[in-house]
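Visitor: Here it is: the structure, laid out below.
The values are calculated or read from the model by the stated rules, or taken from the named source; none is laboratory data. Bear in mind the structure is a predicted one, so any value in this text is a computation, not a measurement. Counting neighbours? That spans all protein chains shown, and the Cβs are built from the backbone with ideal geometry, glycine included.
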Amino acid sequence: MATTATRWVQLFRDGDASQRNLLGGKGANLAEMTNAGLPVPPGFTITTEACNAYFESGGKLPDGLWEQALEGLKAVETEMGREFGGAEKPLLVSVRSGAPVSMPGMMDTILNLGLSARSLKGVIAETDDPRFAYDCLRRLIQMYGKVVLEVNSDLFEDAIDRVKRKRGVQDDNEIPAADLQALATEFRAIVRRESGQEFPDDPHAQLRGAIEAVFRSWNNRRAIGYRRQNGIADALGTAVTVQTMVYGNLGDDCATGVCFTRNPNTGEPGLFGEYLPNAQGEDVVAGVRTPKPVAEMGDDPHLREAYGQLVEIAERLETHYRDMQDLEFTIQNSRLYMLQTRSGKRTGGAAVRIATDFVREGLITEREAVGRVEPGQLDQLLHPTIDPNATVQVLAKGLPASPGAATGKVVFDADEAEAQGKAGEAVILVRIETSPEDFHGMVVAQGVLTARGGMTSHAAVVARGMGKPCVSGCTALQIDYGKQEMQIAEFTIRAGDFITIDGATGNVMLGEVATVEATVGGDLAAVMAWADAARRMRVRANADTPHDAQVARDFGAEGIGLCRTEHMFFEGDRIDAMRAMILAGSKADRERALATVEPLQREDFAGIFRAMDGFPVTIRTLDPPLHEFLPNSPAEQEELARKLGLPANQVRDKVAALQEANPMLGFRGCRLGILYPEITRMQARAIIDAALEVADEGVKVEPEIMVPLVGTLEELKRQRALIEETAEERFRAAGKRIAYTVGTMIELPRAALLADEIAQQADFFSFGTNDLTQTTFGLSRDDAGRFLPLYVERGILEADPFQVLDQKGVGKLVETGTRLGRQTKPDLKVGICGEHGGEPSSVAFCHRIGLDYVSCSPFRVPIARLAAAQAAIADEDGTE
Ligand code: PEP
Ligand code: MG
């Protein structure tokens with residue numbers, strides 16, 4: 001509990017980097033640098049506790065704070081040999097926000113505090129530069145007016161523009177001293193008129209007003225929005241640093257800049273950044289003048305020495321913090337001052353390079369290196385990305401369904417996409433939503449864009465499996481298939497026009513935008529090897545073809561966690577046999593049609609087993625509602641009838657009969673195999689025969705047959721009996737046996753709640769968290785995209801639960817199901833194969849609750865490996 005004796009204020013020299021929560025990132029690092037003997041302008045930090053106390057008391061500075069701030073100020077005055085508001089050698093200070101977690105640009109800052117009628121004269125006398133002094137003054141009134149008194153900042157900017165027009169100058173720097181003096185007067189008048197208050201001439205009143213305003217900025221709309229988006233707790237509060245001003249705009253021996261200790265784009269060693277001679281920090285950020293590469297400071301006789309010192313300090317800071325740093329500095333009259341250091345943001349590629357270089361340089365251990373790369377950032381290394389130098393026009397934003405950037409001609413139809421793709425054209429398949437029927441078009445397209453569907457919609461799942469960029473649920477698209485065009489805001493895009501999509505951000509852009517290819521180098525392999533050594537959980541892949549299985553294995557998959565057999569039915573002519581099976585009038589007809597599919601399935605299974613030699617392969621029996629296999633349009637239905645030699649109305653009636661109001665809760669999953677046991681039998685036969693075949697070749701095969709959407713013990717029991725009967729038959733016929741297991745997906749709350757019962761019949765569980773999320777929330781996987789993004793935007797949900805596992809709710813069912821299942825069978829193998837298996841925070845959760853493996857699309861396997869390793873390390877280190 002904070003009391004009157006609480007220390008609200010701490011001098012830089014009394015703190016250190018470990019006090020991040022109390023002093024904010026900025027305050028803690030300024031303290032650390034001060035104590036390391038680096039040239040930091042003296043100052044003090046007001047704690048985050050003070051900010052929280054300020055809000056708790058309804059906007060009052062807590063008792064003792066102001067007195068302590070004045071003491072801090074005194075200490076700074078003594079150290080600088082200056083007086084706050086003094087007529088000679090006046091001390092000017094900045095007041096800045098600094099939260100425990102970096103929230104760049106979200107809160108407020110006020111510079112040049114301490115300027116009064118009296119101290120202004122002191123600044124003029126000391127610098128012999130009235131222009132500089134008046135410029136400082138007008139900036140102070142402007143910032144104070146805006147931040148503390150909430151005056152519309154446009155009024156100040158308009159006044160500056162008027163002066164510039166009158167003088168015929170372009171740049172603020174060219175406004176003469178007398179005009180700046182007049183502007184300061186005008187700004188005072190604006191403040192008076194707009195706020196009904198005088199800009200205070202008393203430096204102490206300025207300081208107090210600024211401190212309170214920075215506290216308040218913790219709760220401005222920008223900051224709240226940023227916290228929501230980045231999952232930062234409101235309770236952290238911001239610290240406030242009060243620091244002696246130094247100036248980079250006092251002449252040619254002055255400069256200001258920002259730099260990184262290594263290149264944040266590539267990770268290449270060496271100082272990387274920009275500076276502006278004779279300028280203030282804001283000028284670098286505002287981009288009015290073009291900054292120069294920081295290395296050029298070495299060629300400037302005024303700045304050379306300070307540059308040498310900067311290089312040395314950068315190295316020291318990097319070694320000290322054992323991480324790449326992002327620095328802000330100012331050079332005042334050839335003297336270097338450090339204003340900030342913090343861990344630098346970096347691309348995925350840079351993160352990998354820096355982590356491995358640091359290990360080589362002996363700065364960090366291999367285990368630490370594993371924690372230095374954000375798993376989600378690996379996407380940037382595995383897929384093409386938008387060229388950072390390209391100019392883009394974003395037309396709309398959808399869901400970032402499958403990462404990677406792709407450019408191509410718009411095509412609204414899968415057949416057309418296939419034709420053009422095969423002719424060598426780059427196409428983007430644009431659909432209202434995709435269904436299995438569009439698969440062949442997706443295969444050849446560079447990327448897929450849909451107007452409807454969420455993160456686990458067909459388009460998203462299939463594109464992710466193929467490692468193809470996809471933006472789904474882009475509700476701004478109004479697609480007119482008839483006219484072969486779409487409307488996005490005021491743009492009409494026709495078939496054949498170029499667009500670019502970025503599946504990592506969800507952006508849809510006009511025209512051809514340059515992309516850069518992913519480059520996977522040896523450094524990534526090193527990080528992955530260290531990760532593999534650290535993790536406990538296994539990582540498998542969801543893959544449906546021998547090709548995808550091979551890709552998955554190359555990405556390090558240790559088996560297949562989900563083979564969705566239905567995807568095999570869409571290749572080539574197989575769909576016709578499948579359709580004949582669905583339309584069959586009798587069991588005999590159905591069996592005949594299935595017999596056509598069987599050898600093809602067997603071949604695919606054999607190919608997958610070969611690709612996964614030595615690893616388990618989980619194959620799921622048929623899952624989707626049957627109507628998904630039948631054509632929708634009357635023309636296609638007629639064509640199918642002709643092909644199968646059936647009356648057209650029979651096809652039409654069957655399609656109509658199979659329509660369901662809620663297909664995802666309908667005739668699907670194990671319900672298909674229960675009512676049509678011949679489907680399960682055929683699939684079991686194909687699996688066992690394929691396994692026997694490859695075992696003969698010397699392949700080490702471990703088939704796991706998985707039954708989907710089980711809700712009751714009886715369902716699994718019956719399906720298991722069918723599978724076992726079939727397997728025994730095949731073993732007898734072949735005269736030999738192989739080991740196999742039968743398990744189930746847990747995708748329904750009932751199954752999770754009764755997992756102890758269901759485990760009696762299951763050798764393994766695999767949580768299908770796509771369906772489990774759908775059924776737990778009562779949210780449709782296919783339609784929720786219409787409003788779910790708004791739920792996230794408004795903070796009703798922290799994240800899209802189809803993307804990031806809802807640990808609290810759905811996760812509770814996963815945890816409960818695992819625990820109950822293992823009560824019945826302590827060695828029950830348990831994994832997850834929903835899309836969450838490749839999402840870092842969900843993978844960490846799976847580790848914590850003791851799952852044996854996660855399974856995800858091939859391109860996310862490296863992400864899951866790294867996330868699993870980080871979770872294991874956090875677990876062992878007790879840093880979860
Ligand atoms: C699931 O529901 O999580 C799952 C993996 O199955 P599907 O996405 O095929 O329904
Ligand atoms: Mg499912």
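Visitor: Take the conditions without any contact (Cβ under 8 Å) to a residue 24 or more places away in the chain and more than 15 Å from GLY768 (Cβ to Cβ) and apply them to VAL792. Does it pass? Show your work before the answer.
Guide: Details: without any contact (Cβ under 8 Å) to a residue 24 or more places away in the chain: yes; more than 15 Å from GLY768 (Cβ to Cβ): yes.
Yes, satisfied.
Visitor: Within segment 346-395, work out how many residues are crowded, with 21+ Cβ neighbours inside 10 Å and of a type in the set (Asp, Glu).
Guide: Qualifying residue count for the region: 1.
Visitor: Could you tell me whether VAL710 is surrounded by 18 or more Cβ atoms within 10 Å (Cβ to Cβ) and within 16 Å of ligand 2 (Cβ to nearest atom)?
Guide: Criteria met by VAL710.
Visitor: Could you please tell me which pairs satisfy a Cβ distance under 6 Å, a separation of 6+ or placement on different chains, a first residue in segment 733-752 that is free of Cβ contacts under 8 Å to residues at least 24 places away in the same chain, and a second residue that is of a type outside the set (Gly, Ala, Ser) and more than 11 Å from ligand 2 (Cβ to nearest atom)?
Guide: The qualifying pairs are ARG737/PHE731.
Visitor: Check off (1) touching a residue at least 60 places away in the same chain (Cβ under 8 Å); (2) surrounded by fewer than 21 Cβ atoms within 10 Å (Cβ to Cβ); (3) of a type in the set (Lys, Arg) for LYS121 and give me the number that stays unchecked.
Guide: Here LYS121 meets the rest and fails (1).
Visitor: Right, something else. If you scan segment 427-460, which residues turn out to be buried (at least 24 other Cβ atoms within 10 Å of the Cβ), under 25 Å from GLN774 (Cα atoms) and under 22 Å from the mean Cα position of the chain (by Cα)?
Guide: VAL448, LEU449, THR450, GLY453, GLY454, MET455, THR456, SER457, HIS458, ALA459, ALA460
Visitor: I'd like the full set of residues that are hydrophobic (A, V, I, L, M, F, W, C) and within 16 Å of ligand 2 (Cβ to nearest atom), limited to segment 765-800.
Guide: Across segment 765-800, the qualifying residues are PHE765, PHE767, LEU772, PHE777, LEU779, ALA784.
Visitor: Residues that are more than 16 Å from ligand 1 (Cβ to nearest atom), at least 1 per element: which helices (runs of 4 or more DSSP H) completely within segment 755-817 meet that?
Guide: Those helices (runs of 4 or more DSSP H) span 755-758, 788-793.
Visitor: Could you say which residue among PHE44, PHE55 is among the aromatic types (Phe, Trp, Tyr) and closer than 28 Å to ARG82 by Cα?
Guide: PHE44
Visitor: While we're here: For ASN662, state whether it is surrounded by fewer than 16 Cβ atoms within 10 Å (Cβ to Cβ), of a type outside the set (Lys, Arg), free of Cβ contacts under 8 Å to residues at least 40 places away in the same chain and within 16 Å of ligand 2 (Cβ to nearest atom).
Guide: So ASN662 passes the test.
Visitor: Give me the residue from segment 821-880 that is among the β-branched types (Val, Ile, Thr) and under 20 Å from the mean Cα position of the chain (by Cα) and, out of that set, farthest from PHE555 (Cα to Cα). Break it down stepwise before answering.
Guide: Kept after step one, since they are among the β-branched types (Val, Ile, Thr), are these residues of segment 821-880: 824, 830, 832, 843, 849, 854, 861, 863, 873, 879.
Okay, now just the ones that are also under 20 Å from the mean Cα position of the chain (by Cα), so 843, 854, 861, 863.
Values: VAL843: 17, VAL854: 14, VAL861: 6, ILE863: 10 Å.
Only one residue tops the list, namely VAL843.
Visitor: Can you name the residue in segment 672-707 that is without any contact (Cβ under 8 Å) to a residue 40 or more places away in the chain and part of a helix (DSSP H, G or I) and, of all such residues, is surrounded by the most Cβ atoms within 10 Å (Cβ to Cβ)? Even if it seems obvious, please write down each step before you answer.
Guide: As a first pass, look at segment 672-707 and keep what is without any contact (Cβ under 8 Å) to a residue 40 or more places away in the chain: 675, 696, 698.
If we keep only those that are part of a helix (DSSP H, G or I) too, we end up with 675, 696.
Working: LEU675: 9, ASP696: 11.
Among those that are without any contact (Cβ under 8 Å) to a residue 40 or more places away in the chain and part of a helix (DSSP H, G or I), it is ASP696.
Visitor: Here are GLY85, GLY27, GLY43, GLY37: which of them is under 34 Å from the mean Cα position of the chain (by Cα) and closer than 30 Å to THR127 by Cβ?
Guide: Matching residue, one of GLY85, GLY27, GLY43, GLY37: GLY27.
Visitor: When you scan segment 284-301, do you find a residue that is hydroxyl-bearing (Ser, Thr, Tyr) and buried (at least 23 other Cβ atoms within 10 Å of the Cβ), even just one?
Guide: Looking through segment 284-301, none of the residues is hydroxyl-bearing (Ser, Thr, Tyr) and buried (at least 23 other Cβ atoms within 10 Å of the Cβ).
Visitor: Can I ask one more? Yes or no: segment 628-639 includes at least one residue that is within 16 Å of ligand 2 (Cβ to nearest atom), surrounded by 15 or more Cβ atoms within 10 Å (Cβ to Cβ), within 30 Å of ILE723 (Cβ to Cβ) and at pLDDT 90 or above. Quick ask: steps written out before the conclusion?
Guide: Residues of segment 628-639 that are within 16 Å of ligand 2 (Cβ to nearest atom), as a first pass: 628.
Next, only the ones that are surrounded by 15 or more Cβ atoms within 10 Å (Cβ to Cβ) stay: 628.
Keeping just the survivors that are within 30 Å of ILE723 (Cβ to Cβ) gives 628.
When the remaining residues are screened for being at pLDDT 90 or above, the result is none.
The answer is no, given that none of the residues of segment 628-639 is within 16 Å of ligand 2 (Cβ to nearest atom), surrounded by 15 or more Cβ atoms within 10 Å (Cβ to Cβ), within 30 Å of ILE723 (Cβ to Cβ) and at pLDDT 90 or above.
Visitor: Of all the residues that make up segment 549-564, how many are crowded, with 24+ Cβ neighbours inside 10 Å and either over 23 Å from the mean Cα position of the chain (by Cα) or within 16 Å of ligand 2 (Cβ to nearest atom) (or both)?
Guide: Count: 5.
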